[in-house]
1. Please give the FRET efficiency for Arg50 paired with Glu469, using the beta carbon to beta carbon distance and R0 = 41 Å, rounded to the nearest 0.05.
2. So if each residue of separation counts as 0.36 nm, and I subtract the Cα-Cα distance between Val418 and Lys20, what length gain in nm does that give?
3. For a quick check: with amide H placed at 1.01 Å from N, whose amide H comes under 5 Å from Leu355's, ignoring anything fewer than 5 positions away on the same chain?
4. Find, to one decimal place in angstroms, the Kirkwood hydrodynamic radius of segment 441-593, where the mean of 1/r is taken over every pair of different Cα atoms and then inverted.
5. Taking square-rooted eigenvalues a ≥ b ≥ c of the alpha carbon gyration tensor, is segment 11-86 rounded, prolate or oblate, where a/c under 1.5 means rounded and, failing that, a/b exceeding b/c means prolate?
6. Considering only DSSP states other than H, G, I, E and B, which trypsin sites (Lys or Arg not before Pro) in segment 86-145 qualify as loop sites with at most 14 other Cβ atoms within 10 Å?
7. Carbon-plus-sulfur fraction of the accessible area of segment 476-582, 1.4 Å probe, in percent?
8. Of the peptides 339-350, 386-397, how do they stack up when ordered by the mean number of other Cβ atoms within 10 Å, highest first?
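The values are calculated or read from the model by the stated rules, or taken from the named source; none is laboratory data. Small disclaimer: the values here were computed from a predicted structure and weren't measured. Every residue, glycine as well, gets a Cβ built from its backbone with ideal geometry; the counts of neighbours run over all protein chains shown. For accessibility, only protein heavy atoms count, side chains too; no ligands or nucleic acids. Shrake-Rupley method; radii C 1.70, N 1.55, O 1.52, S 1.80 Å.
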Amino acid sequence: MPSDAKNAIAQMEKIVSLCKRRGFIYQSSEIYGGCGGVWDYGPLGAELKRNLRSAWWNTMTREREDVLGLDASILMNPAIWKASGHVDTFADLMRECSLTNKRVRADHVEPQEGVVMNYSGAKSPTGWKLARPISVLMKKGEHIESLRKRMRVLIASNAGEAAGKVEEIELLDEAKGDTLGKTVDFHPETGGALGEARPFNLMLKTYLGPTATEADVTYLRPETAQAIFAQFKNVFDSSRVKVPFGICQIGKAFRNEVTPKNFTFRSREFEQMELEFFIKPDEAVEIISGEVAQWHEGADLSEPQPNWGWQLWHRYWVDQRTKFYQGIGLGDVLEYYWQTPEDLAHYARACVDILCEFPFGTEELEGIAARGDFDLSAHQTASTKSQEIFDEELKTAAAKLSDEQKEALIQKRLAAEVAKTKGAPMPEAAVRAWFERLFKGSYVPHVIEPSAGLDRMALAVIAKAFHEEEKADVNGKVEIRTYLSFHPRIAPIKVGVFPLLKNKPELVAKAREVYAMLKKHMNCFYDETAAIGRRYARQDEVGTPFGVTIDFETCGEKGPELLDTVTLRHRDGGEQERVKISDLLGKLLPLVG
Ligand code: GAP
């Protein structure tokens, strides 16, 4: 294994261990051996997630006039997933191990080296038989005895009690096969030969209602976005908004990932934070504004403009989301992958993945897609309920166009349809019918979708914040200091409050007073145990950005000028300053808000 890969694994192990030790993230159902691909957030993880959620919610809706929130249900009418394409196409190509039936994503199998070992089957003294040939890869460096042992264990766990004792299982007619250089045809964990790649739908099925028949099947939502589309008309009609505007929501999503991996990065239950930002079709912008502004390097994206089409709106949201990540301390670990025309779905005009540096590689944190009117149109067709909106400004502007100007717009669109490289071009009659509605002021809005994962974001900020440094103690003994350098805005605990000594009632009483004052405004932690250095270290390890120490100066023992002042310690840099208790809140609130 290359040393980079070893370092990455070691780094992840340290992060996973810290997360468990300090109450950020635990394995779900750990006391029963865990539950694959699902995770629980402990006290500090819950606070961290809550802070990230609030930062996203505040930035995306509260601080904007053009985005509204939604909190939709996880279970929905399954017709939604049929219309959205999830029932038919939300699948990964997967391959199944012929030995254990364990699945793996076809694109997740790394090439392996080894010798193929073939068996005609297996049997045990209980009378149990496995009457089919088995091929398994003996990995380079693996001993034949350890392979046989491994196989017996795998066969036994698949066969259950019928196979009897593991060590009594007999592998039949062992024969050495080919030596393979780089093969992707064996399961990476079990070594069993893999079957053909087949699509595997990622949606988790459940039954709604008491009868549990096929007619009651529905799905745990695999994304939060579809509920936004399904409720688009209700929000539009009940909120007095005009296009462009957005609807956002945060909530759980479920995917039966074939190979959940990298801690919480790819889980089966996770939380999404999605915005569907509805915009006018470019043709409507052109009719109203006389032109559609074109994006160019250095274009001013600070304030949305009426002549923006989908391209500038898409760039704008990439810029907004980048600013968000900068605001939570991830600015310098981001990269962007602009999907190529081959990568894009037929309805998508552009999609950029915001990538982030994790110990295991640079991976997707958020996708921002320009999806045209695909989603709302699909629901309009499937539900037969109009998803069009009426735009008075468009109707007025269109009424001023000459017939030639209208025809020129139609011809431009027809040429674009012919030039399409993916998906069927819209027939001329349909294009003309669409323009007829448009000239009357009616259209199905288009959408830009920034879609982020909360659990990935939490992992990204933990990984970015994780630091180790060597530090000599007072006796010169070098120790490893582990600390999390969370941005104060998202840190689970904002301030640690410490009386210098716990056996001095006046210090403890004052510290309790300060703690009571601060905790109404931010999450604080009161700690009076152990030496003060040890208490600082404990808070550094969980990323608390500030520490407040109440000492004898606070009580006026070193002169009246220091009475009612405390030591404010900054985690990063370790500098300390003397601050009046009455100034503390005013100083801290802007730093943690
Ligand atoms: N509505 C679009 C959509 O769902 P996606 O790229 O499939 O797009 C968006 O998901 C985001 O959700 C991803 O960028 C990622 O942050 C998060 N996400 C997706 N699958 C995930 C999983 N299995 N575990 C954790 N987060 C996941």
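1. 0.90
2. Taking 0.36 nm per residue and subtracting the Cα distance, the gain is 137.6 nm.
3. Glu335, Tyr336, Tyr337, Leu365
4. 17.3 Å
5. Judged from the Cα gyration tensor, segment 11-86 comes out oblate (a/c at least 1.5, b/c at or above a/b).
6. Lys140
7. Carbon-and-sulfur percentage of accessible area, whole number: 54.
8. On the way: 339-350: 13.8, 386-397: 16.2.
Highest-to-lowest ranking by the protection proxy: 386-397, 339-350.
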